[in-house]
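Colleague: One structure coming up, written as structure tokens, with questions to follow.
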Amino acid sequence: MDSGEWSDGVLAIKIRDCAESQTPDRKWIIFDGPVDAVWVENMNTVLDDNKKLCLNSGQIIKLKPTMTIMFEVEDLSQASPATVSRCGMVLMEPKQLGHTPLITSYCNTLEKMLGKTADTVRMYMHYLSDVCVEYTNKIGRFPVPTDPNFLVNSMINMFECYVKDWRSEELSVKIPKEAEEICTHAVLFAHIWSIGVALDEIARPKFDVFFQDILLNEDVN
């Protein structure tokens, strides 16, 4: 401060060390503090296609392909759209995303293969997942802490076991005439053995009655 001579900070030192490293290992520079609109704008040249850190001393440090910069922040309230757009991905909390996009995205992959049957699968998956997740959250006790998105993803993986053989591009593979019936039963089976099975022994009988009421089209509280 007395001489006015430039001295590198933590970021400059770390990035220089990673840039000068000769090892092929991937290097991660992770920011886990709040995003400040002032200093993050100085990172624009690092985050865009130039991938260069420009220091006040005039030195320019070029990032290597093995280097990755990641921001782990609580929110982006102080970040400008330019900063957000330069980042490759914005992750959201599972509770903000919900399980609906998981089902929608998966069912879109079934349309070419199953045609109109994919709409039936989509309808059943959305309805059953919504009511089953809400019910298990209400009465459920999970021996292993889990998340609704994980349960729905398990359901999708289980359903995929029944249709994966139909995805082959070989001409010898044909979709059976009873495909809609198979898929309907597979959806029901997948919900029982993914969402229902995650409950403890006390809650499982209640889920059994609940699911039978759905199949019988009776009112469920």
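What follows draws every value from the coordinates through simple rules; no lab data is involved. Keep in mind that this is a model prediction, so the values were computed, not measured. Heads up, the Cβs are rebuilt from the backbone with ideal geometry, glycines too, and the neighbour counts pull from every protein chain shown.
Colleague: Between 0 and 90 degrees, rounded to the nearest ten: what's the tilt of helix 10-20 against the longest Cα principal axis of the chain?
Modeller: 80 degrees
Colleague: Now, a different point. Which of these values of Kirkwood radius over Cα pairs in Å was calculated from the structure shown: (i) 18.7; (ii) 20.4; (iii) 22.0?
Modeller: The value computed from this structure is option (iii).
Colleague: Next question. Classify the stretch 1-76: rounded, prolate or oblate, from the alpha-carbon gyration tensor (a ≥ b ≥ c, eigenvalue square roots; a/c under 1.5 rounded; otherwise prolate if a/b is larger than b/c)? Numbers along the way, then the final one.
Modeller: On the way: a/c = 1.68, a/b = 1.07, b/c = 1.57.
Verdict is oblate for the stretch 1-76.
Colleague: Which percentage, to the nearest 5, of the DSSP beta bridges contained in the chain is antiparallel? Intermediate results must be reported in sequence, preceding the final value.
Modeller: Details: 3 of 8 bridges.
Here the antiparallel bridges make up roughly 40 percent for the chain.
Colleague: List the relative contact order of the stretch 10-91 as a percent without decimals, with contacts defined as Cα pairs under 8 Å and 6+ residues apart.
Modeller: 39 percent
Colleague: Return a whole-number percent for the relative contact order of the chain, with Cα pairs under 8 Å and 6 or more residues apart as the contact set.
Modeller: Details: 189 pairs, mean separation 36.2, N = 221.
Worked out over the chain, it gives 16 percent.
Colleague: What percent does the relative contact order of the stretch 95-215 come to when contacts are Cα pairs within less than 8 Å and at least six residues apart?
Modeller: Contact order relative to length: 34 percent.
Colleague: Still on this structure, I have one more. In degrees from 0 to 90, rounded to the nearest 10, what is the angle of the helix 148-163 Cα long axis to the longest principal axis of the chain?
Modeller: Helix 148-163 sits at roughly 60 degrees to that axis.
Colleague: Using a Cα-Cα cut-off of under 29 Å, which lysines could be cross-linked to Lys27, ignoring same-chain neighbours fewer than 8 residues away?
Modeller: Correct list for Lys27: Lys14, Lys51, Lys52, Lys62, Lys64.
Colleague: Using a simple charge model, +1 on the beta-carbon of Lys and Arg, -1 on the beta-carbon of Asp and Glu, nothing else, what dipole does the chain show about its Cα centre, in debye to the nearest 20?
Modeller: About 580 debye.
Colleague: Next up: Tell me, what is a quarter of the convex hull surface for the C-alpha atoms of the stretch 113-221, in nm² with one decimal?
Modeller: Across all orientations, the stretch 113-221 yields a mean hull projection of 7.4 nm².
Colleague: So how do 151-158, 96-103 stack up, highest first, on mean other-Cβ count within 10 Å?
Modeller: 151-158, 96-103
Colleague: For the stretch 95-215, please report how many Lys pairs fall under 28 Å Cα to Cα, leaving out neighbours fewer than 8 apart on the same chain.
Modeller: Lysine pairs meeting the criterion: 11.
Colleague: Name the long-range amide H neighbours of Met70: under 5 Å, sequence gap of 5 or more, or other chain; modelled H, no Pro or chain starts.
Modeller: Ile29, Ile30, Phe31
Colleague: Which angle from 0 to 90°, rounded to the nearest 10, does the C-alpha axis of helix 203-215 make with the longest principal axis of the chain?
Modeller: 60 degrees
Colleague: Ok, one more. Just order 117-123, 24-30 by mean Cβ neighbour count inside 10 Å, highest at the front, would you? Please list the in-between numbers first.
Modeller: Values: 117-123: 17.3, 24-30: 11.3.
Listed from highest to lowest mean packing, they are 117-123, 24-30.
Colleague: With +1 assigned to the C-beta of every Lys and Arg and -1 to the C-beta of every Asp and Glu, and no other charges, what is the dipole magnitude of the stretch 1-61 about the Cα centre in debye, to the nearest 20?
Modeller: About 260 debye.
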